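> Shown below is the structure under consideration.
The values are calculated or read from the model by the stated rules, or taken from the named source; none is laboratory data. Note that the coordinates shown come from a computational prediction; the quantities given were computed from them, not determined experimentally. All Cβ positions, glycine included, derive from the backbone under ideal geometry; neighbour counts span all protein chains shown. Side chains included, ligands, DNA and RNA excluded: accessible areas come from the protein's heavy atoms. Shrake-Rupley method; radii C 1.70, N 1.55, O 1.52, S 1.80 Å.
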Amino acid sequence: MKTISRAASVMLVLAVIMMLAVPAFAAGSGSITVENPRAGETYTAYKIFDVVYNADQSAYSYTIASDSPWLSTVQTFSGINLSDAVTDGEGNTFYIVEENDSFSAAEFAKVLKGALSGKTGTQLTLTGGKATATGLDLGYYFVSSTNGALCNLTTTNPNAIIYDKNDVTFDKTVDDVSVEVGQTVEFTLLGKVPDTTGFTTYVYEFSDTMSSGLTFQKDVKVYVNGVQLTENITLTNTPSDQNATGFTLSIDVMKLQNLVAKQIKVTYTATVNENAVSVIQKNKAILKYSNDPTDNEKYTKIPDEEKVYTAKIVIDKFETDHEDKKLAGAQFVLMNSSGKFYAYDASTQKVGWVDDQDDATVVTTDSNGAAGFIGLEDGVYTLKEIKAPAGYNLLTDTIDITIAGSDTDETKLTVEADVANSTGSQLPSTGGIGTTIFYTIGGIMMGLAVILLIVKRRTSLSE
């Protein structure tokens with residue numbers, strides 16, 4: 001509210017009323033529009049003061065009629081001074097309204113809100129995605145909504161645009177849900193600049209907490225209407241000392257009122273680590289904002305959560321037809337759908353994929369017949385045995401394995417590959433049964449030869 005001297009106010013009011021020098025300011029020429037009405041809400045405008053102003057709107061004078069239902073409420077508010085009663089040429093009595101140094105729009109709105117009972121206002125009509133009241137007497141209006149969250153004070157000069165202060169949106173997204181260990185994912189928080197008219201202070205704060213499987217990269221960026229914001233923001237943890245699990249970001253939206261309803265976008269990244277293997281990782285963010293200009297201690301909190309997951313393949317190696325006989329010493333490599341080989345770097349906790357099998361990670365089954373590949377995203381993989389357990393035949397065929405994870409069911413994040421190996425029959429060897437047969441047959445033949453020789457000699461002697 002702009003203040004001019006009492007004498008000037010009286011002169012301006014009387015001049016406009018008596019001379020009607022500016023027809024455009026005649027009664028019934030104002031409007032109020034709520035740009036962002038909420039579904040199911042009813043908006044009502046209550047005229048508190050009449051107003052007249054000059055052509056370039058550099059001077060305003062507010063008055064309240066002696067028969068106004070709001071007069072007694074206004075008279076009790078310490079932030080407003082009323083003149084002695086003034087009577088125009090038509091016998092209308094009114095008071096000139098001036099704010100004093102203790103005036104607070106938020107406190108005034110609070111007083112008016114408490115005095116709504118029994119008052120009559122003009123209901124705004126929803127049309128074209130906006131709520132509007134037209135044909136209003138020019139004045140200073142208090143606009144309230146069904147739930148009481150909208151408590152705007154505005155002057156029709158002649159048309160006023162306001163915003164529902166409780167229409168605060170919040171959405172959180174992540175660029176990938178099924179991920180590999182070592183992969184960096186980007187999170188995005190979306191909101192919009194709220195209207196802070198009537199507030200003396202306003203809290204607009206994002207907070208984010210990550211689970212142990214996500215390593216925060218301390219790279220928060222803020223954009224408003226597509227332009228990066230470097231001022232009027234406060235990170236509770238500065239880039240040099242942010243902890244590993246999240247941050248708190250406050251934005252001074254009271255300094256962004258030229259951008260009301262424009263998008264606020266916050267981006268930051270996290271790297272998936274080994275703690276994420278076969279565990280659904282939850283990343284929760286909360287938007288906290290002021291919701292009542294009449295009470296600076298009232299806030300609304302909107303939570304939103306995104307999830308990411310990474311899976312693993314577990315090999316179960318056993319003897320064919322004897323599943324309880326586990327086989328140690330089998331070696332495997334893993335290929336993805338592009339034919340590249342799995343290569344895991346333990347020092348950086350990162351899954352990579354290489355072209356050459358010689359550079360691939362080789363896993364070996366232990367005494368329980370177990371081995372595995374961790375940190376895998378959804379997809380089709382091929383398991384290849386490159387060394388069989390001692391005494392068993394090497395598999396000649398590869399095994400296809402499909403991972404189809406879930407952000408609600410962790411049992412789907414571990415895929416078991418059952419791999420059976422057969423033992424072969426013992427082949428003949430030197431000194432074995434093959435030569436033994438020949439030695440045996442040779443001995444028999446030699447024995448027969450000796451017998452024939454003896455028989456032949458006896459026959460000769462008898463002749």
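> Being of a type in the set (D, E, K, R) and touching a Pro at 6+ places or on another chain (Cβ under 9 Å) is the filter here; which residues of region 208-231 pass it?
218, 219
> Okay, next question. Condition (residue is modelled with pLDDT of 95 or more, of a type outside the set (Asp, Glu) and either under 30 Å from residue 410 (Cα atoms) or in contact with a Leu (Cβ under 6 Å, 6 or more places away or on another chain) (or both)) applied to region 225-243: is it met by at least one residue?
Yes.
> In region 308-362, what count of residues is obtained for those that are within 33 Å of the chain's Cα centre (by Cα) and among the charged types (D, E, K, R)?
4
> Checking the structure you have, find out if any residue of region 101-124 is part of a strand (DSSP E or B), touching a residue at least 24 places away in the same chain (Cβ under 8 Å), open to solvent by 30 Å² or more (accessible area, probe 1.4 Å) and in contact with a Phe, Trp or Tyr (Cβ under 9 Å, 6 or more places away or on another chain).
The answer is yes; a qualifying residue exists.
> Something else about it: Looking at 5, 83 in this structure, which one is of a type in the set (Gly, Ala, Ser), open to solvent by less than 60 Å² (accessible area, probe 1.4 Å) and either at pLDDT 90 or above or over 27 Å from residue 195 (Cα atoms) (or both)?
Only one candidate passes the filter, namely 83.
> For region 146-207, which fully contained strands (runs of 3 or more DSSP E) count at least 1 residues that are modelled with pLDDT of 95 or more and farther than 30 Å from residue 59 by Cβ?
Answer list for region 146-207: 171-174, 184-192.
> On to the next question. I'm told residue 32 meets every condition in (1) open to solvent by 20 Å² or more (accessible area, probe 1.4 Å); (2) under 28 Å from residue 298 (Cα atoms) except one. Can you identify the failing condition by its number?
Result: residue 32 passes all but (1).
> What are the residues in region 266-301 that are among the hydrophobic types (A, V, I, L, M, F, W, C) and open to solvent by 40 Å² or more (accessible area, probe 1.4 Å), if any?
Across region 266-301, the qualifying residues are 279, 286.
> Still on this structure, I have one more. Would you be able to tell me the number of residues in region 371-386 that are among the basic types (Lys, Arg) and either exposed (fewer than 15 other Cβ atoms within 10 Å of the Cβ) or free of Cβ contacts under 8 Å to residues at least 12 places away in the same chain (or both)?
So the answer is 0.
> On to the next question. So if I check each of 260, 272, 193, 203, which one is in contact (Cβ under 8 Å) with a residue 60 or more places away in the chain, touching a strand residue (DSSP E or B) at 6+ places or on another chain (Cβ under 9 Å) and over 30 Å from residue 160 (Cβ atoms)?
Result: 272 is the single residue among 260, 272, 193, 203 that is in contact (Cβ under 8 Å) with a residue 60 or more places away in the chain, touching a strand residue (DSSP E or B) at 6+ places or on another chain (Cβ under 9 Å) and over 30 Å from residue 160 (Cβ atoms).
For (1) in contact with a Lys or Arg (Cβ under 9 Å, 6 or more places away or on another chain); (2) surrounded by 19 or more Cβ atoms within 10 Å (Cβ to Cβ), each residue gets a yes or a no:
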residue: 176; (1), (2): no, no
residue: 181; (1), (2): yes, yes
residue: 186; (1), (2): no, no
residue: 195; (1), (2): yes, yes
residue: 199; (1), (2): yes, yes
residue: 207; (1), (2): yes, no
residue: 216; (1), (2): no, yes
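> When region 269-287 is examined, which residues are found to be within 18 Å of residue 245 (Cβ to Cβ) and either assigned to a strand (DSSP E or B) or within 16 Å of the chain's Cα centre (by Cα) (or both)?
269, 270, 271, 272, 280, 281, 282, 283, 284, 285, 286
> Has region 383-402 got at least one residue that is under 19 Å from residue 327 (Cβ atoms), modelled with pLDDT of 65 or more and in contact with a helix residue (DSSP H, G or I) (Cβ under 9 Å, 6 or more places away or on another chain)?
yes
> Take the residues in region 138-169 that are in contact with an Asp or Glu (Cβ under 8 Å, 6 or more places away or on another chain) and open to solvent by 30 Å² or more (accessible area, probe 1.4 Å); name whichever of them is farthest from residue 276 (Cα to Cα).
Going through the qualifying residues, I end up with 161.
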